[in-house]
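Below is one structure, written out as C-alpha cells; the observations come after it.
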Amino acid sequence: MPAGDRSSHLTGADRTLLDDTIRRAEQACRAEISVFVGTAEGGARAFATSLHNSLVAPSRSILVMVDPTARALEIVTGGWVRRHLSDKQVELVALTMQSAFAEGDLVGGLRRGVTMLGEHARAPRTLHSSTED
C-alpha cells in the first residue's frame, strides 16, 4: 500500500493507477511495496530509512521515496528482499525512474519502477524432479 503525504503531486486517478501497479508487483515478488511521494524531512536517505523501518514487516518490504521538490529518489529494501534483489538491479530501477521523472512523467516513472522492482525481487523458480526407484 502506498504511503505519502497525499500532496498535489499525485491526483486521485494517479494514486489508483499506482495502487494497482503496486498490488501486481507485490503478487509477483511476495514482498510489500510502499511508495512515498512528498517532502523528505531532513536528509532524504535518513528519512526513507526511517519510513522503511516503520513498516509492518521491514525485512520483507521495499520502500520507494520520491521528493519531487528536492529531486530526491531513495529505494530502501529489507533483508529478505535483498536475497532476491541486487544493488545493481535497484540502481537500474532508479535510473529508469529518474529518466521518466526528468521527462516530467512522475506517475509513469513510479509505475515502471515498481513493476521492475516486483519482477527483479521475485524469487527464482526452482524445478524439482522426482526420482522413481
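The values are calculated or read from the model by the stated rules, or taken from the named source; none is laboratory data. What you see is a predicted model; the values in this text were computed from it and never measured. Glycine gets a Cβ as well: all are built from the backbone with ideal geometry, and neighbour counts include every protein chain shown. When the accessible area is computed, the model is the full protein with side chains, heavy atoms only, and any ligands, DNA or RNA have been set aside. Shrake-Rupley method; radii C 1.70, N 1.55, O 1.52, S 1.80 Å.
Data for the structure
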{"item": "Sole exception among (1) closer than 22 Å to Thr21 by Cβ; (2) open to solvent by less than 40 Å² (accessible area, probe 1.4 Å) for Leu95, by number", "result": "(2)"}
{"item": "Flag for Arg23 being within 17 Å of Arg111 (Cα to Cα) and free of Cβ contacts under 8 Å to residues at least 12 places away in the same chain", "result": "yes"}
{"item": "Near pairs, Cβ below 8 angstrom, 6+ apart or cross-chain, from segment 104-119 (open to solvent by less than 30 Å² (accessible area, probe 1.4 Å)) to any residue that is among the basic types (Lys, Arg)", "result": "Gly118/Arg24"}
{"item": "Residues of segment 15-26 satisfying the condition of being at pLDDT 95 or above and either closer than 19 Å to Ala123 by Cα or open to solvent by less than 70 Å² (accessible area, probe 1.4 Å) (or both)", "result": "Leu18, Asp19, Asp20, Thr21, Ile22, Arg23, Arg24, Ala25, Glu26"}
{"item": "Residues that are modelled with pLDDT of 95 or more and of a type in the set (Val, Ile, Thr), drawn from segment 93-133", "result": "Val93, Thr96, Val107, Val114, Thr115"}
